[in-house]
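Quick notes on the structure that follows.
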Amino acid sequence: MRSPLLEIRNLGVEVPVPGGGAAAAVDGVDLSVAHGERVGLVGESGAGKSLTTLALPNLLPPGVRIRPGSSVRLDGRELVGAPTRDLRAVRGKRVALVFQDPTHALNPALTVGSQIREVLLVHRGLRGGEARAETLRLLSEVGLPDPARTAADPPHRLSGGMRQRACIALALAGEPDLLVADEPTTALDVTVQARILDLLVHLSEARGLALLLVSHDLAVVSRTCHRVAVMYAGRVVEKGPVKAVLERPLHPYTRALLAARPRLTGPRTLPAPIAGSIPAPSAWPTGCRFHPRCPDALDRCRREAPPWVGLSPHRATCWLHWEPGGGAS
Ligand code: SF4
(Lines give C-alpha, C1' and ligand atoms only; values in the text may rest on other atoms or scores of the structure.)
Protein backbone atom coordinates (compact mmCIF):
# COMPACT_ATOMS: atom_id res chain seq x y z
CA MET A 1 0.00 0.00 0.00
CA ARG A 2 1.32 3.43 -0.95
CA SER A 3 2.05 5.93 1.83
CA PRO A 4 -0.22 8.99 2.07
CA LEU A 5 1.13 12.21 0.56
CA LEU A 6 -1.93 14.43 0.94
CA GLU A 7 -4.54 13.94 3.66
CA ILE A 8 -7.55 16.26 3.76
CA ARG A 9 -9.80 15.91 6.81
CA ASN A 10 -13.06 17.74 7.48
CA LEU A 11 -12.16 20.52 5.04
CA GLY A 12 -14.60 23.43 5.06
CA VAL A 13 -14.34 26.52 2.87
CA GLU A 14 -16.59 29.47 3.60
CA VAL A 15 -17.63 32.01 0.97
CA PRO A 16 -19.33 35.36 1.58
CA VAL A 17 -23.06 35.44 0.79
CA PRO A 18 -25.17 38.36 -0.44
CA GLY A 19 -26.58 40.31 2.49
CA GLY A 20 -23.68 39.38 4.79
CA GLY A 21 -22.41 36.30 6.56
CA ALA A 22 -20.78 33.22 5.06
CA ALA A 23 -21.80 29.80 3.81
CA ALA A 24 -19.76 26.60 3.56
CA ALA A 25 -19.21 26.00 -0.17
CA VAL A 26 -16.99 23.05 0.83
CA ASP A 27 -18.30 21.20 3.85
CA GLY A 28 -16.53 18.37 5.65
CA VAL A 29 -14.49 16.96 2.76
CA ASP A 30 -12.19 13.99 3.50
CA LEU A 31 -9.83 12.97 0.73
CA SER A 32 -6.38 11.46 0.45
CA VAL A 33 -3.81 11.04 -2.32
CA ALA A 34 -0.89 8.63 -1.95
CA HIS A 35 2.59 9.12 -3.40
CA GLY A 36 2.38 8.42 -7.14
CA GLU A 37 -1.39 7.96 -7.06
CA ARG A 38 -3.85 9.63 -9.46
CA VAL A 39 -7.16 10.69 -7.94
CA GLY A 40 -10.05 12.34 -9.79
CA LEU A 41 -12.43 14.85 -8.21
CA VAL A 42 -15.65 14.95 -10.22
CA GLY A 43 -18.89 16.93 -10.17
CA GLU A 44 -20.85 19.70 -11.85
CA SER A 45 -19.95 23.38 -11.64
CA GLY A 46 -20.69 24.66 -8.15
CA ALA A 47 -19.94 21.33 -6.44
CA GLY A 48 -16.92 22.82 -4.63
CA LYS A 49 -14.15 20.99 -6.54
CA SER A 50 -12.05 24.02 -7.45
CA LEU A 51 -12.34 25.60 -3.99
CA THR A 52 -11.18 22.30 -2.50
CA THR A 53 -8.04 22.31 -4.62
CA LEU A 54 -7.33 26.02 -4.12
CA ALA A 55 -7.57 25.48 -0.36
CA LEU A 56 -4.69 22.98 -0.39
CA PRO A 57 -1.89 25.54 -0.67
CA ASN A 58 -4.32 28.28 0.55
CA LEU A 59 -4.66 30.14 -2.75
CA LEU A 60 -8.29 31.04 -2.04
CA PRO A 61 -9.67 34.35 -3.37
CA PRO A 62 -10.03 37.32 -1.01
CA GLY A 63 -12.96 36.94 1.40
CA VAL A 64 -13.00 33.12 1.07
CA ARG A 65 -11.56 31.29 4.08
CA ILE A 66 -10.81 27.83 5.39
CA ARG A 67 -13.16 26.92 8.25
CA PRO A 68 -11.67 26.24 11.68
CA GLY A 69 -11.35 22.51 12.35
CA SER A 70 -10.15 21.78 8.80
CA SER A 71 -6.94 19.85 8.26
CA VAL A 72 -4.73 19.55 5.15
CA ARG A 73 -1.58 17.53 5.73
CA LEU A 74 1.23 17.11 3.22
CA ASP A 75 3.56 14.26 4.20
CA GLY A 76 2.16 14.61 7.72
CA ARG A 77 2.79 18.36 7.96
CA GLU A 78 -0.25 20.57 8.65
CA LEU A 79 -0.77 23.32 6.06
CA VAL A 80 -3.91 24.92 7.52
CA GLY A 81 -2.73 27.86 9.61
CA ALA A 82 0.90 27.42 8.51
CA PRO A 83 2.92 30.66 8.18
CA THR A 84 2.86 32.32 4.72
CA ARG A 85 6.61 31.64 4.40
CA ASP A 86 6.01 27.88 4.76
CA LEU A 87 3.07 27.94 2.32
CA ARG A 88 5.21 29.75 -0.28
CA ALA A 89 7.75 26.94 0.00
CA VAL A 90 4.95 24.42 -0.68
CA ARG A 91 3.37 26.24 -3.64
CA GLY A 92 5.10 25.41 -6.89
CA LYS A 93 7.71 23.31 -5.10
CA ARG A 94 5.83 20.46 -3.33
CA VAL A 95 2.39 21.17 -4.87
CA ALA A 96 2.03 22.63 -8.38
CA LEU A 97 -1.18 23.67 -10.10
CA VAL A 98 -2.27 23.48 -13.74
CA PHE A 99 -5.41 25.43 -14.61
CA GLN A 100 -8.12 25.14 -17.25
CA ASP A 101 -7.08 28.08 -19.41
CA PRO A 102 -3.38 28.07 -20.29
CA THR A 103 -3.74 31.51 -21.89
CA HIS A 104 -4.32 33.16 -18.54
CA ALA A 105 -1.88 30.95 -16.63
CA LEU A 106 1.13 32.26 -18.57
CA ASN A 107 2.44 35.82 -18.52
CA PRO A 108 1.83 37.18 -22.06
CA ALA A 109 4.71 39.67 -21.76
CA LEU A 110 7.45 37.09 -21.07
CA THR A 111 8.85 34.24 -23.15
CA VAL A 112 7.94 30.71 -22.11
CA GLY A 113 11.60 30.00 -21.32
CA SER A 114 12.03 32.98 -19.00
CA GLN A 115 8.93 31.97 -17.02
CA ILE A 116 10.28 28.46 -16.51
CA ARG A 117 13.75 29.77 -15.61
CA GLU A 118 12.21 31.98 -12.91
CA VAL A 119 10.67 28.90 -11.24
CA LEU A 120 13.98 27.04 -11.57
CA LEU A 121 15.75 29.92 -9.83
CA VAL A 122 13.20 30.35 -7.01
CA HIS A 123 12.63 26.67 -6.20
CA ARG A 124 15.85 24.94 -7.25
CA GLY A 125 18.46 27.72 -7.29
CA LEU A 126 19.35 27.03 -10.93
CA ARG A 127 20.69 29.88 -13.09
CA GLY A 128 22.68 30.54 -16.28
CA GLY A 129 23.49 27.60 -18.57
CA GLU A 130 22.18 25.07 -16.06
CA ALA A 131 18.75 26.74 -16.01
CA ARG A 132 18.68 27.05 -19.80
CA ALA A 133 19.51 23.37 -20.27
CA GLU A 134 16.88 22.30 -17.70
CA THR A 135 14.27 24.52 -19.42
CA LEU A 136 14.86 22.76 -22.75
CA ARG A 137 14.77 19.36 -21.04
CA LEU A 138 11.42 20.16 -19.41
CA LEU A 139 9.89 21.43 -22.67
CA SER A 140 11.10 18.28 -24.39
CA GLU A 141 9.72 16.08 -21.55
CA VAL A 142 6.21 17.50 -22.07
CA GLY A 143 6.38 16.66 -25.78
CA LEU A 144 7.03 20.06 -27.36
CA PRO A 145 8.79 19.32 -30.65
CA ASP A 146 11.20 22.28 -30.85
CA PRO A 147 12.10 23.20 -27.24
CA ALA A 148 14.63 25.92 -28.14
CA ARG A 149 12.14 27.72 -30.33
CA THR A 150 9.28 27.30 -27.83
CA ALA A 151 11.48 28.65 -25.02
CA ALA A 152 12.12 31.82 -27.05
CA ASP A 153 8.44 32.30 -27.94
CA PRO A 154 5.91 34.38 -26.01
CA PRO A 155 2.81 32.31 -25.12
CA HIS A 156 0.59 33.81 -27.86
CA ARG A 157 2.75 32.18 -30.56
CA LEU A 158 1.78 28.70 -29.30
CA SER A 159 -1.41 26.74 -30.02
CA GLY A 160 -3.78 25.95 -27.11
CA GLY A 161 -2.39 22.43 -26.71
CA MET A 162 1.22 23.66 -26.81
CA ARG A 163 0.41 26.34 -24.23
CA GLN A 164 -1.04 23.72 -21.88
CA ARG A 165 2.10 21.59 -22.35
CA ALA A 166 4.19 24.70 -21.53
CA CYS A 167 2.08 25.21 -18.38
CA ILE A 168 2.73 21.59 -17.38
CA ALA A 169 6.48 22.14 -17.93
CA LEU A 170 6.23 25.24 -15.73
CA ALA A 171 4.46 23.20 -13.05
CA LEU A 172 7.13 20.47 -13.21
CA ALA A 173 9.99 22.96 -12.93
CA GLY A 174 9.84 22.95 -9.12
CA GLU A 175 9.94 19.11 -9.08
CA PRO A 176 6.63 18.83 -7.18
CA ASP A 177 5.37 15.68 -5.45
CA LEU A 178 1.74 16.54 -6.25
CA LEU A 179 0.28 18.05 -9.40
CA VAL A 180 -3.19 19.51 -9.05
CA ALA A 181 -4.81 19.88 -12.47
CA ASP A 182 -8.14 21.75 -12.54
CA GLU A 183 -10.06 20.92 -15.75
CA PRO A 184 -6.74 20.94 -17.68
CA THR A 185 -8.30 19.84 -20.97
CA THR A 186 -11.70 21.56 -20.95
CA ALA A 187 -10.53 24.50 -23.09
CA LEU A 188 -8.87 22.23 -25.69
CA ASP A 189 -9.99 20.37 -28.82
CA VAL A 190 -11.02 16.74 -28.26
CA THR A 191 -7.96 15.24 -29.97
CA VAL A 192 -5.62 17.53 -28.01
CA GLN A 193 -7.47 16.65 -24.78
CA ALA A 194 -6.62 12.97 -25.15
CA ARG A 195 -2.93 13.72 -25.74
CA ILE A 196 -2.70 15.98 -22.68
CA LEU A 197 -4.36 13.32 -20.49
CA ASP A 198 -1.93 10.68 -21.81
CA LEU A 199 0.93 13.07 -21.04
CA LEU A 200 -0.27 13.50 -17.43
CA VAL A 201 -0.43 9.72 -16.96
CA HIS A 202 3.04 9.30 -18.50
CA LEU A 203 4.55 12.02 -16.28
CA SER A 204 2.92 10.55 -13.19
CA GLU A 205 4.34 7.12 -13.92
CA ALA A 206 7.79 8.30 -15.05
CA ARG A 207 8.29 10.68 -12.11
CA GLY A 208 6.25 8.93 -9.39
CA LEU A 209 4.18 12.12 -9.36
CA ALA A 210 0.83 12.16 -7.56
CA LEU A 211 -2.04 13.76 -9.48
CA LEU A 212 -5.27 15.30 -8.23
CA LEU A 213 -7.37 15.81 -11.35
CA VAL A 214 -10.48 17.98 -11.19
CA SER A 215 -13.05 17.39 -13.90
CA HIS A 216 -16.78 17.52 -14.61
CA ASP A 217 -16.26 14.56 -16.94
CA LEU A 218 -16.15 10.97 -15.63
CA ALA A 219 -14.66 9.83 -18.95
CA VAL A 220 -11.61 12.03 -18.37
CA VAL A 221 -11.14 10.55 -14.90
CA SER A 222 -11.66 6.96 -16.03
CA ARG A 223 -8.92 7.40 -18.63
CA THR A 224 -6.48 8.88 -16.16
CA CYS A 225 -7.02 8.00 -12.49
CA HIS A 226 -6.79 5.13 -10.01
CA ARG A 227 -9.47 6.44 -7.65
CA VAL A 228 -12.31 8.95 -7.89
CA ALA A 229 -14.27 11.11 -5.46
CA VAL A 230 -17.63 12.49 -6.61
CA MET A 231 -18.63 15.85 -5.13
CA TYR A 232 -22.11 17.32 -4.83
CA ALA A 233 -23.07 20.58 -3.08
CA GLY A 234 -19.81 20.93 -1.17
CA ARG A 235 -19.56 17.30 -0.03
CA VAL A 236 -17.98 14.09 -1.29
CA VAL A 237 -20.92 11.75 -1.92
CA GLU A 238 -19.13 8.71 -3.37
CA LYS A 239 -15.53 7.54 -3.54
CA GLY A 240 -13.62 4.46 -4.51
CA PRO A 241 -11.51 2.80 -7.20
CA VAL A 242 -12.46 4.23 -10.62
CA LYS A 243 -13.50 0.87 -12.07
CA ALA A 244 -15.80 0.04 -9.14
CA VAL A 245 -17.44 3.47 -9.08
CA LEU A 246 -18.03 3.58 -12.83
CA GLU A 247 -19.24 -0.02 -13.14
CA ARG A 248 -21.29 -0.22 -9.91
CA PRO A 249 -22.13 3.33 -8.82
CA LEU A 250 -23.84 3.45 -5.41
CA HIS A 251 -25.04 7.05 -5.41
CA PRO A 252 -27.90 8.25 -7.63
CA TYR A 253 -25.89 11.40 -8.46
CA THR A 254 -22.98 9.32 -9.80
CA ARG A 255 -25.48 7.28 -11.82
CA ALA A 256 -26.96 10.52 -13.18
CA LEU A 257 -23.50 11.81 -14.16
CA LEU A 258 -22.84 8.55 -15.99
CA ALA A 259 -26.20 8.69 -17.78
CA ALA A 260 -25.50 12.28 -18.86
CA ARG A 261 -22.35 11.21 -20.77
CA PRO A 262 -22.57 10.73 -24.54
CA ARG A 263 -22.06 7.03 -25.37
CA LEU A 264 -19.55 6.24 -28.08
CA THR A 265 -19.87 2.45 -27.85
CA GLY A 266 -22.65 -0.06 -27.16
CA PRO A 267 -26.34 0.57 -27.80
CA ARG A 268 -27.19 4.02 -29.12
CA THR A 269 -28.96 5.98 -26.39
CA LEU A 270 -29.27 9.70 -25.98
CA PRO A 271 -27.49 11.25 -22.98
CA ALA A 272 -29.95 12.02 -20.16
CA PRO A 273 -29.20 15.49 -18.74
CA ILE A 274 -29.62 15.89 -14.97
CA ALA A 275 -32.68 18.05 -14.33
CA GLY A 276 -32.07 21.24 -12.33
CA SER A 277 -28.77 22.52 -11.01
CA ILE A 278 -26.74 22.67 -7.81
CA PRO A 279 -28.16 25.42 -5.57
CA ALA A 280 -25.98 28.18 -4.08
CA PRO A 281 -24.14 27.33 -0.83
CA SER A 282 -26.48 29.63 1.13
CA ALA A 283 -29.42 27.47 -0.01
CA TRP A 284 -28.14 23.91 0.42
CA PRO A 285 -31.21 21.68 0.95
CA THR A 286 -31.80 19.96 4.30
CA GLY A 287 -31.10 16.24 4.71
CA CYS A 288 -29.45 14.81 1.61
CA ARG A 289 -28.49 17.81 -0.49
CA PHE A 290 -29.27 15.88 -3.68
CA HIS A 291 -32.87 15.12 -2.67
CA PRO A 292 -34.62 17.81 -4.81
CA ARG A 293 -33.03 16.24 -7.93
CA CYS A 294 -32.94 12.60 -6.88
CA PRO A 295 -35.34 10.19 -8.64
CA ASP A 296 -35.02 7.73 -5.72
CA ALA A 297 -35.57 10.17 -2.83
CA LEU A 298 -37.25 8.76 0.29
CA ASP A 299 -39.06 10.77 2.96
CA ARG A 300 -36.15 10.65 5.38
CA CYS A 301 -33.80 11.97 2.63
CA ARG A 302 -35.45 15.39 3.02
CA ARG A 303 -34.87 15.46 6.79
CA GLU A 304 -31.68 13.57 7.62
CA ALA A 305 -28.20 13.66 6.11
CA PRO A 306 -27.40 10.16 4.81
CA PRO A 307 -24.68 8.00 6.42
CA TRP A 308 -21.72 6.47 4.60
CA VAL A 309 -22.61 3.03 3.23
CA GLY A 310 -20.76 0.41 1.22
CA LEU A 311 -17.61 -1.52 1.90
CA SER A 312 -14.26 0.24 1.97
CA PRO A 313 -12.71 1.34 -0.36
CA HIS A 314 -15.94 1.91 -2.36
CA ARG A 315 -18.40 3.98 -0.31
CA ALA A 316 -21.21 6.50 -0.77
CA THR A 317 -23.55 8.61 1.34
CA CYS A 318 -27.09 7.47 0.58
CA TRP A 319 -30.10 6.23 2.53
CA LEU A 320 -30.99 3.92 -0.33
CA HIS A 321 -28.30 1.40 0.61
CA TRP A 322 -28.51 1.84 4.38
CA GLU A 323 -29.40 -1.03 6.65
CA PRO A 324 -29.74 -0.85 10.43
CA GLY A 325 -26.49 -2.22 11.84
CA GLY A 326 -24.37 -0.81 8.98
CA GLY A 327 -23.12 -1.98 5.61
CA ALA A 328 -24.72 -1.60 2.21
CA SER A 329 -27.70 -3.49 0.91
FE1 SF4 B 1 -31.33 10.14 -3.27
FE2 SF4 B 1 -31.96 9.81 -0.70
FE3 SF4 B 1 -29.75 8.72 -1.64
FE4 SF4 B 1 -29.93 11.34 -1.35
S5 SF4 B 1 -29.97 9.83 0.29
S6 SF4 B 1 -29.10 10.29 -3.10
S7 SF4 B 1 -32.07 11.71 -1.91
S8 SF4 B 1 -31.87 8.21 -2.24
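The values are calculated or read from the model by the stated rules, or taken from the named source; none is laboratory data. A quick note: this is a predicted structure, and the numbers were derived from the prediction, not measured. A quick note on method: Cβ atoms are made from the backbone with ideal geometry, for glycine too, and the neighbour counts reach across all protein chains shown. Side chains included, ligands, DNA and RNA excluded: accessible areas come from the protein's heavy atoms. Shrake-Rupley method; radii C 1.70, N 1.55, O 1.52, S 1.80 Å.
Structure notes:
- Note on the stretch 15-41: residues that are part of a loop (DSSP other than H, G, I, E, B) and over 14 Å from A229 (Cα atoms) amount to 7.
- Of all the listed residues (T185, T191), the sole one being of a type outside the set (G, A, S), open to solvent by less than 10 Å² (accessible area, probe 1.4 Å), at pLDDT below 95 and farther than 30 Å from A297 by Cα is T185.
- Taking the numbered list (1) in contact (Cβ under 8 Å) with a residue 60 or more places away in the chain; (2) surrounded by fewer than 17 Cβ atoms within 10 Å (Cβ to Cβ); (3) out of contact with any helix residue (DSSP H, G or I) (no Cβ under 8 Å at 6 or more places or on another chain) in turn, G20 passes all entries but (1).
- Close pairs (8 angstrom Cβ cut-off, 6 or more residues apart or separate chains): among the acidic types (D, E) in the stretch 281-306, within 8 Å of the ligand (Cβ to nearest atom) and at pLDDT below 95 anywhere: D296/L320
- Test result for P285, surrounded by fewer than 22 Cβ atoms within 10 Å (Cβ to Cβ), in a loop (DSSP other than H, G, I, E, B) and modelled with pLDDT under 95: no
- Strands (runs of 3 or more DSSP E) completely within the stretch 159-263 that count 3 or more residues being within 16 Å of the ligand (Cβ to nearest atom) and in contact (Cβ under 8 Å) with a residue 24 or more places away in the chain: 227-232, 235-241
- In the stretch 78-88, the condition of being in contact with an Asp or Glu (Cβ under 9 Å, 6 or more places away or on another chain) and over 30 Å from L136 (Cα atoms) is met by at least one residue.
- Qualifying residue in the stretch 266-275 (condition: within 14 Å of the ligand (Cβ to nearest atom) and buried (at least 21 other Cβ atoms within 10 Å of the Cβ)): no
- Test: residue in the stretch 290-305 that is modelled with pLDDT of 95 or more, within 28 Å of H226 (Cα to Cα) and either within 8 Å of the ligand (Cβ to nearest atom) or loosely packed, with under 13 Cβ neighbours inside 10 Å (or both): yes
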